[in-house]
Amino acid sequence: YVSRMCTIITPEQLFNQHLVTVLFSETTATAIKENLITEDQMTAYDPQLMLAIPRLSILRGLLQDNGGILDLSQDVSRIPEYFRPHVPVLLDVKKLLEELSKSNLRTLKVCLASSIDPSDDSDPSVLHCLYLTISGIADQMISNHAKDLRQMLQSTFKMNQPQVITSPELISSSSKRDDLGITSMDCIEPSSSSRAGDQCSDTEPRIRSQLREDAPPWVPDCEVSRCTLCNDNFTLIKRKHHCRYCGKVKLHVRST
């Protein structure tokens, strides 16, 4: 019943989401260092990164040593469900990546990050094939698991936001503002706040006692089987509701 009302994920699925988020975050940090993406893009939440990060992450996962989440030598059931349907294609992609030179690999990274087809570069057939295949797998992941990918990318953006280094002058000025704020708070006349507190302490019991006196007596549920207004029988759909004004049991529509 609950699974029909909302999405329920298993602990394994949640763990896989964390693994993919870590892969996305590590890929993003490396891409910033290699000038594939910029910090300005991260700060502005550039929509282009929604495509670039999954594509570069697939490339990074295939180039990693054994033991990563895209280690294709392990059992298929241990690979996250986002990549599982593409394992046969990823095996072919991995073989082609192992034969690429460093310059061509750099070109492929730049093209995946900027969504530029490398058909005009050297070895166009290989790079073009790798670009289309990796981009197609990443785009299909985004389409089939849009909600999960959106959450993982959101976490990736938060973890890789550039840190703002505050200058000593700003720190000193902020501390001065804090000192002024403390001083201004100390200058408030204590008699006025104490008087306000005394007024609140006197008013609260009076309001509470008035509410208790004005509250109507509630009719017990067990004594009523029909709406006191329309005389309809109560059912699983027509539920009992107490009227807050008179305390009688009525249908929900009537009680409002």
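The values are calculated or read from the model by the stated rules, or taken from the named source; none is laboratory data. If you're wondering where the values come from, they're calculated on a predicted model, not measured in any experiment. Every residue, glycine as well, gets a Cβ built from its backbone with ideal geometry; the counts of neighbours run over all protein chains shown. These area figures cover heavy atoms from the full protein model, side chains too; ligands, DNA and RNA do not enter into them. Shrake-Rupley method; radii C 1.70, N 1.55, O 1.52, S 1.80 Å.
Heavy atoms only, probe 1.4 angstrom, no DNA, RNA or ligands counted: give me 50, 141 ranked by accessible area, highest first.
My answer, sorted largest first, is 50, 141.
With a cut-off of at most 15 other beta carbons within 10 Å, and DSSP calling the residue loop, which chymotrypsin sites (Phe, Trp or Tyr not before Pro) in region 12-116 qualify? Please list them. Don't skip to the answer; put the middle values down first.
Working: sites: 15, 24, 45, 82, 83; in loops: 45, 82, 83.
Here the chymotrypsin sites (Phe, Trp or Tyr not before Pro) that fit, given the DSSP loop and packing criteria, are 45.
Multiply the residue gap between residue 99 and residue 226 by 0.36 nm, knock off their C-alpha separation, and tell me the result in nm, one decimal place.
Working: separation 127, 0.36 × 127 = 45.72 nm, distance 8.02 nm.
Full-extension gain reported as 37.7 nm.
Starting from the residue with the highest accessible area, list 242, 18 in decreasing order, probe 1.4 Å. Don't jump to the answer; show the numbers that get you there.
Values: 242 30, 18 110 Å².
So, going from the largest accessible area down, we get 18, 242.
With a 1.4 Å probe and all protein chains kept in place, how do 25, 143 rank by accessible area, largest first? Present the calculation step by step, with values, prior to reporting the outcome.
Numbers: 25 20, 143 90 Å².
Putting 25, 143 in descending order of accessible area: 143, 25.
Given H placed 1.01 Å from N in the peptide plane, which residues other than close sequence neighbours of residue 117 have an amide H under 5 Å from its amide H?
none
Could you work out the Kirkwood radius for region 41-89, taking every pair of different alpha carbons, averaging 1/r and inverting it, reported in Å?
One over the average 1/r among Cα pairs gives 12.1 Å for region 41-89.
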